[in-house]
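One structure below.
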């Protein structure tokens, strides 16, 4: 009998970079082992499905360019970016879009468009075919990196 649920395809532990194909969780988000550093983030990006992979590469490049020496990690199956002691940005794959979370987004000018149940968080959702305003995104990243980061 062939199992049709995604639960039956999950491995008992998420793969580390270089250990085979990562599992895609519900919504198409890659399951990547928690860890600090660029290697973990690059493993996540490499596992992003379809058009989202090129977007992840572009976002990561713009973030690294806007904040030289940015800290990177994968937590809760999402790449996190930080400066100083805390984290200022994360993104996560969903079926039809990639959701960027600015943890102090209400302090950015202009404020990113997506509201949150958390008072300081603002989101930017990017769907396939959406044009990314790279200048505005880079400006948000620079602004966010100068704010107190979230400790997680």
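Bear in mind that the values in this text are calculations on the coordinates, not laboratory data. Please read these numbers as outputs of a predicted model, since none were measured by experiment. Heads up, the Cβs are rebuilt from the backbone with ideal geometry, glycines too, and the neighbour counts pull from every protein chain shown.
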Per residue, how big is the convex hull of the chain when only Cα atoms are used? Give it in Å³.
120 Å³
If each residue's Cβ is checked for other Cβ atoms within 10 Å, how do 44, 97 rank with the fewest at the top?
97, 44
For residue 119 and residue 33 in one chain, what is 0.36 nm times their gap in residues minus the Cα-Cα distance, to one decimal in nm?
28.1 nm
Label points 7 Å out from Cα along the Cβ direction at residue 152 and residue 111: separation in nm?
2.1 nm
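Using the number of other C-beta atoms within 10 angstrom as an exposure proxy, rank 63, 126 with the fewest first. Provide the component values of the computation, followed by the final result.
Working: 63 23, 126 19.
The fewest-first ordering by Cβ neighbours comes to 126, 63.
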For the chain, find the longest principal axis of its Cα atoms and tell me its angle to the long axis of helix 134-145, 0 to 90°, nearest 10.
80 degrees
Quote to one decimal, in nm, the extra length available between residue 54 and residue 132 on full extension: 0.36 nm per residue of separation minus the C-alpha distance between them.
26.9 nm
Go ahead and estimate [θ] at 222 nm for the chain from helices alone: -39,500 (n - 2.57) per DSSP H run with n ≥ 4, summed, over the residue count, rounded to 500.
-8000 deg cm²/dmol
